[in-house]
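Engineer: Have a look at this one.
The values are calculated or read from the model by the stated rules, or taken from the named source; none is laboratory data. Predicted model, so just to flag it, every value in this text is computed and none were measured. Neighbour counts run over all protein chains shown; Cβ positions are idealised from the backbone, glycine included.
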Amino acid sequence: MNEYDSGKMADLLRACEGMEPTEYPEEADVILFNTCSIREKAEEKVFSDLGRVRPLKLTNPDLLIGVGGCVASQEGAAILKRAPYVDVIFGPQTLHRLPQLLQARRDTGRPQVDISFPEIEKFDHLPIPQTTSGTAYVSIMEGCSKYCTFCVVPYTRGEEVSRPLVDVMRDVQVLLAQGVKEVMLLGQNVNAYRGASDDGDTVDFAFMLQALAGLDGLSRLRFTTSHPKDMTQRLIDVYATTPKLVSHLHLPVQSGSDRILAAMKRGHTVLEYKSIIRRVRAARPDICITSDFIVGFPGETEQDFEATMKLIDEIGFDNSFSYLYSPRPGTPAAELRDDTLHEVKAARLQRLQDRIAKQEDGVAQAMLGTSQRALVEGVSKKDTRELAARTDNNRVVNFSGAANLIGEFVDINITQVVRHTLRGELVAK
Ligand code: SAM
C-alpha cells in the first residue's frame, strides 16, 4: 500500500511540478518520507532519516522536506517539535493535496500540515495511472473499520471507504491499454469492499473480481490484504469459477488461540478460520495460503503460543509475515498488562519463524520438476544477468532469458530450490 502511495506521490509531482525522481538526495528539490507506524521500529526510523537529510538544507536553502503516511497522520504537527525544519506534513488520505501544500509552504514560508480524512476524494485528483511493467497495483478501498485492539490503522488511515466500481474498472482498463497483464488489488481489507455500482447498487468484492476477470487482456488477478471476517462463501466460490484469480490467498490469522483472538477483537475463532481454509481448498485445491502472525500479544501464555504452532501445523502455510507485538499509542491493547519477558517472546517468534520456514521449503520442494506459468517482472535481484518471474502461487523464479520477455508470461520448469528461492529453465513462450 505504501509503495502504491509513494508511486502516486511521484506521479503527482511529475504531473504538477515537472519533477523526476532522483537517487541522489543532494540533487533533490523535494524530499518526502512516506512513513509507516504499524510497529514502533518503523516509526522511530523517520526521525533518524529526517536528521540525515537536514544538513542538505544548508547547501540548498530551497529544499523542501515532507513527511507523509501514517506517522504523519498519527503525530501531525507534533513532528515539528522534534524536527522544526520539516516543511509539509500530510496523511495517506491527503497525499493528492501535495502540490498545493508545497506551494502554500513556498508562498507563506510556514510549514503546512494536512492530515484530514476527506473520504475518497484523493482518487479523483490523482493523475491517470501509468506503468511500463506487466503488473500494476490498483487501490480499491482505503482504511479499516475492524478496530483490532493492537492495530493503529483505523486511526491513521481512517475507516473503510470503497471506490466506486466504475472508477476501479476504468483504472484497470487504462492499465491494460498500456500492456499490463496482471493487476494487484490493494486495500487494508479488500474483501470488505462495498462499492457503488453504476445503477446505484452496492457491489461486493466477489462481484468486482468477476467483473474484472471479464476484461479482455487481463490475465491474472491478485489481491492483498484480506480479513477472515469478510471471507464470504461468495468470495470463496470465485476461486472455483475464476481461473484468472491466482492460487494464492494471504489471510492473516494473527494467533491460533481463541483467547488471544478474542482479546485482539478479531471477530472469529480458530475453528472458523480453519473452516474458511477448508472451503477455499475445496474450491481451489492447489492454493498457497500465507498469513500474518503476532507473537507476544499481552497475556499470551505458553499454551496460547502452542495453539498457534498447532494451527500452523494443521494449515501448512507458505511464506508468512510474523512480528513481535508492538504497543501502538491510542490502541486498546496498549493499556493491557504485559508480563511476558522480551526474551521469551523473541524465542517464541524464532520457533514460529523456523516452523514456517520449513513449510515454505516444503512448498518450494513440491514445485521442483513442475512447469509453472509465470509473469516476468524484470531483472533478477540476485543476479543481474538473469530474469525474475512470479508464479501463480506468488513464488519468484530466477531464470536465463532475453530482456524482451519482461512483461510477458512464460512457462518455466522449476529445476532448483536454493534457500526458498526457485531457479528454473524456460520451456516456451
Ligand atoms: N487487515 C489485515 C488483518 O488485520 O487481517 C492486516 C493488515 S495490517 C496493516 C498488517 C499486519 O501488521 C497485521 O496483520 C499484523 O500482523 C501486523 N500488525 C499490526 N499491528 C501490529 C502491532 N501493534 N504489533 C505487531 N504487529 C502488528
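Engineer: Could you pull out the residue among Arg97, Arg54 that is among the charged types (D, E, K, R) and touching an Asp or Glu at 6+ places or on another chain (Cβ under 9 Å)?
Structural biologist: Working: Arg54 fails: touching an Asp or Glu at 6+ places or on another chain (Cβ under 9 Å).
Exactly one of Arg97, Arg54 is among the charged types (D, E, K, R) and touching an Asp or Glu at 6+ places or on another chain (Cβ under 9 Å), namely Arg97.
Engineer: Out of region 220-254, which residues are of a type in the set (D, E, K, R), away from the ligand (no atom under 16 Å from the Cβ) and part of a strand (DSSP E or B)?
Structural biologist: Initial filter on region 220-254 (of a type in the set (D, E, K, R)): 220, 222, 229-230, 234, 237, 244.
From what is left, the residues that are away from the ligand (no atom under 16 Å from the Cβ) are 220, 234, 237, 244.
Across region 220-254, the qualifying residue is only Arg220.
Engineer: Of Ile276, Ile287, which residue is in contact (Cβ under 8 Å) with a residue 12 or more places away in the chain and within 16 Å of the ligand (Cβ to nearest atom)?
Structural biologist: Working: Ile287 fails: within 16 Å of the ligand (Cβ to nearest atom).
Step by step, each of Ile276, Ile287 is checked, and only Ile276 is in contact (Cβ under 8 Å) with a residue 12 or more places away in the chain and within 16 Å of the ligand (Cβ to nearest atom).
Engineer: Taking Ile115 as the residue in question, decide whether it is surrounded by fewer than 16 Cβ atoms within 10 Å (Cβ to Cβ) and in contact (Cβ under 8 Å) with a residue 40 or more places away in the chain. Show your work before the answer.
Structural biologist: Values: surrounded by fewer than 16 Cβ atoms within 10 Å (Cβ to Cβ): no; in contact (Cβ under 8 Å) with a residue 40 or more places away in the chain: yes.
Judged against the criteria, Ile115 is not a match.
Engineer: Inspect region 319-332 for any residue being of a type in the set (A, V, I, L, M, F, W, C), touching a Ser or Thr at 6+ places or on another chain (Cβ under 9 Å) and under 27 Å from Arg157 (Cα atoms) and give the result as yes or no. Reasoning before the result, please.
Structural biologist: From region 319-332, those of a type in the set (A, V, I, L, M, F, W, C) are 321, 324; that's our starting set.
From what's left, touching a Ser or Thr at 6+ places or on another chain (Cβ under 9 Å): 321.
Adding the requirement that they be under 27 Å from Arg157 (Cα atoms) leaves 321.
Looking through region 319-332, at least one residue is of a type in the set (A, V, I, L, M, F, W, C), touching a Ser or Thr at 6+ places or on another chain (Cβ under 9 Å) and under 27 Å from Arg157 (Cα atoms).
Engineer: Mind checking which residues of region 7-52 are within 16 Å of the ligand (Cβ to nearest atom) and either in a helix (DSSP H, G or I) or touching a Leu at 6+ places or on another chain (Cβ under 7 Å) (or both)? Even if it seems obvious, please write down each step before you answer.
Structural biologist: Narrowing region 7-52 to residues within 16 Å of the ligand (Cβ to nearest atom): 34-45.
Matches in region 7-52: Glu40, Lys41, Ala42, Glu43, Glu44, Lys45.
Engineer: Let me ask something additional. Return the total of residues in region 242-258 being over 22 Å from the mean Cα position of the chain (by Cα) and surrounded by 15 or more Cβ atoms within 10 Å (Cβ to Cβ).
Structural biologist: Kept after step one, since they are over 22 Å from the mean Cα position of the chain (by Cα), are these residues of region 242-258: 242-243, 256-258.
Still in the list and also surrounded by 15 or more Cβ atoms within 10 Å (Cβ to Cβ): 242, 256-258.
Residues that pass the stated criteria total 4.
Engineer: Identify all residues within region 249-275 that are of a type in the set (A, V, I, L, M), under 16 Å from Ser291 (Cα atoms) and in contact with a Pro (Cβ under 8 Å, 6 or more places away or on another chain); write none if there are none.
Structural biologist: The answer is Leu251, Val253.
Engineer: On the basis of being in a helix (DSSP H, G or I), modelled with pLDDT of 95 or more, surrounded by 15 or more Cβ atoms within 10 Å (Cβ to Cβ) and not hydroxyl-bearing (Ser, Thr, Tyr), does Leu101 make the cut? I'd like the intermediate steps shown before the answer.
Structural biologist: Numbers: in a helix (DSSP H, G or I): yes; modelled with pLDDT of 95 or more: yes; surrounded by 15 or more Cβ atoms within 10 Å (Cβ to Cβ): yes; not hydroxyl-bearing (Ser, Thr, Tyr): yes.
So Leu101 passes the test.
Engineer: Do you know which of the residues in region 6-61 that are in contact with a Ser or Thr (Cβ under 6 Å, 6 or more places away or on another chain) and aliphatic (A, V, I, L, M) is nearest to Ile79 (Cα to Cα)?
Structural biologist: Val46
Engineer: List the pairs whose first member sits in region 1-17 and is closer than 15 Å to Gly91 by Cα and touching a residue at least 60 places away in the same chain (Cβ under 8 Å), whose second member is within 16 Å of the ligand (Cβ to nearest atom) and among the polar types (S, T, N, Q), and whose Cβ atoms are under 7 Å apart, counting only residues at least 6 apart or on separate chains?
Structural biologist: Asn2/Asn34; Tyr4/Ser139; Asp5/Asn34; Met9/Asn34
Engineer: Sort out which residues of region 371-392 are among the polar types (S, T, N, Q) and buried (at least 18 other Cβ atoms within 10 Å of the Cβ), and write them in order of number. Break it down into steps so the answer makes sense when it comes.
Structural biologist: So the first thing to find is which residues in region 371-392 are among the polar types (S, T, N, Q), and the list is 371-372, 380, 384, 391.
Gln372, Ser380, Thr391 - these are the residues of region 371-392 that are among the polar types (S, T, N, Q) and buried (at least 18 other Cβ atoms within 10 Å of the Cβ).
Engineer: List the pairs whose first member sits in region 330-345 and is in contact (Cβ under 8 Å) with a residue 24 or more places away in the chain and more than 16 Å from Arg259 (Cα to Cα), whose second member is among the small types (Gly, Ala, Ser) and exposed (fewer than 15 other Cβ atoms within 10 Å of the Cβ), and whose Cβ atoms are under 7 Å apart, counting only residues at least 6 apart or on separate chains?
Structural biologist: If the second residue must be among the small types (Gly, Ala, Ser) and exposed (fewer than 15 other Cβ atoms within 10 Å of the Cβ), no pairs are left.
Engineer: In region 264-273, how many are away from the ligand (no atom under 13 Å from the Cβ), in a helix (DSSP H, G or I) and either within 27 Å of Gln350 (Cβ to Cβ) or not hydrophobic (A, V, I, L, M, F, W, C) (or both)? If you could, list the steps in order and put the result at the bottom.
Structural biologist: So in region 264-273, the residues away from the ligand (no atom under 13 Å from the Cβ) come out as 269-272.
With in a helix (DSSP H, G or I) added as a condition, the list becomes 270-272.
Still in the list and also either within 27 Å of Gln350 (Cβ to Cβ) or not hydrophobic (A, V, I, L, M, F, W, C) (or both): 270, 272.
Residues in region 264-273 being away from the ligand (no atom under 13 Å from the Cβ), in a helix (DSSP H, G or I) and either within 27 Å of Gln350 (Cβ to Cβ) or not hydrophobic (A, V, I, L, M, F, W, C) (or both): 2 in total.
Engineer: Would you please name the residue that is surrounded by the most Cβ atoms within 10 Å (Cβ to Cβ), looking only at residues in region 15-66 that are under 21 Å from Tyr155 (Cα atoms) and charged (D, E, K, R)?
Structural biologist: Initial filter on region 15-66 (under 21 Å from Tyr155 (Cα atoms)): 33-47, 66.
If we keep only those that are charged (D, E, K, R) too, we end up with 39-41, 43-45.
Numbers: Arg39: 17, Glu40: 13, Lys41: 11, Glu43: 20, Glu44: 11, Lys45: 14.
Here the residue is Glu43.
Engineer: Kindly indicate which of Leu186, Leu215 is surrounded by fewer than 21 Cβ atoms within 10 Å (Cβ to Cβ) and away from the ligand (no atom under 16 Å from the Cβ). Outline the logic, then answer.
Structural biologist: On the way: Leu186 fails: away from the ligand (no atom under 16 Å from the Cβ).
Going through Leu186, Leu215 in turn, just one is surrounded by fewer than 21 Cβ atoms within 10 Å (Cβ to Cβ) and away from the ligand (no atom under 16 Å from the Cβ): Leu215.
Engineer: Can you name every residue in region 188-221 that is at positive phi and touching a residue at least 12 places away in the same chain (Cβ under 8 Å)? Break it down stepwise before answering.
Structural biologist: Taking region 188-221 first, the residues at positive phi are 200, 217.
If the condition is that a residue be at positive phi and touching a residue at least 12 places away in the same chain (Cβ under 8 Å), then Gly217 is the only one that fits.
Engineer: Could I ask something else about it? Inside region 75-98, can you point out the residues that are in a loop (DSSP other than H, G, I, E, B) and closer than 24 Å to Ile128 by Cα? Talk me through it step by step, then tell me what you get.
Structural biologist: Within region 75-98, the first condition is being in a loop (DSSP other than H, G, I, E, B), and the residues that meet it are 83-87, 91-94.
Hits for region 75-98 are Gly91, Pro92, Gln93, Thr94.
Engineer: For region 156-164, state whether one or more residues are among the hydrophobic types (A, V, I, L, M, F, W, C) and more than 13 Å from the ligand (Cβ to nearest atom). So that I can check it myself, show each step before the final result.
Structural biologist: Here is the first cut: in region 156-164, the residues among the hydrophobic types (A, V, I, L, M, F, W, C) are 161.
Keeping just the survivors that are more than 13 Å from the ligand (Cβ to nearest atom) gives 161.
Among the residues of region 156-164, at least one is among the hydrophobic types (A, V, I, L, M, F, W, C) and more than 13 Å from the ligand (Cβ to nearest atom), which makes the answer yes.
Engineer: Just need a number here: residues in region 396-421 that are modelled with pLDDT under 95, in contact with a helix residue (DSSP H, G or I) (Cβ under 7 Å, 6 or more places away or on another chain) and closer than 23 Å to Ser219 by Cβ.
Structural biologist: Residues in region 396-421 being modelled with pLDDT under 95, in contact with a helix residue (DSSP H, G or I) (Cβ under 7 Å, 6 or more places away or on another chain) and closer than 23 Å to Ser219 by Cβ: 0 in total.
Engineer: Out of (1) over 29 Å from Glu343 (Cβ atoms); (2) surrounded by fewer than 20 Cβ atoms within 10 Å (Cβ to Cβ); (3) among the hydroxyl-bearing types (Ser, Thr, Tyr), what's the single condition that is false for Tyr239?
Structural biologist: Answer for Tyr239: the failing condition is (2).
Engineer: Ile315 - would you say it is within 14 Å of the ligand (Cβ to nearest atom) and over 22 Å from Glu335 (Cα atoms)?
Structural biologist: Values: within 14 Å of the ligand (Cβ to nearest atom): no; over 22 Å from Glu335 (Cα atoms): yes.
Judged against the criteria, Ile315 is not a match.
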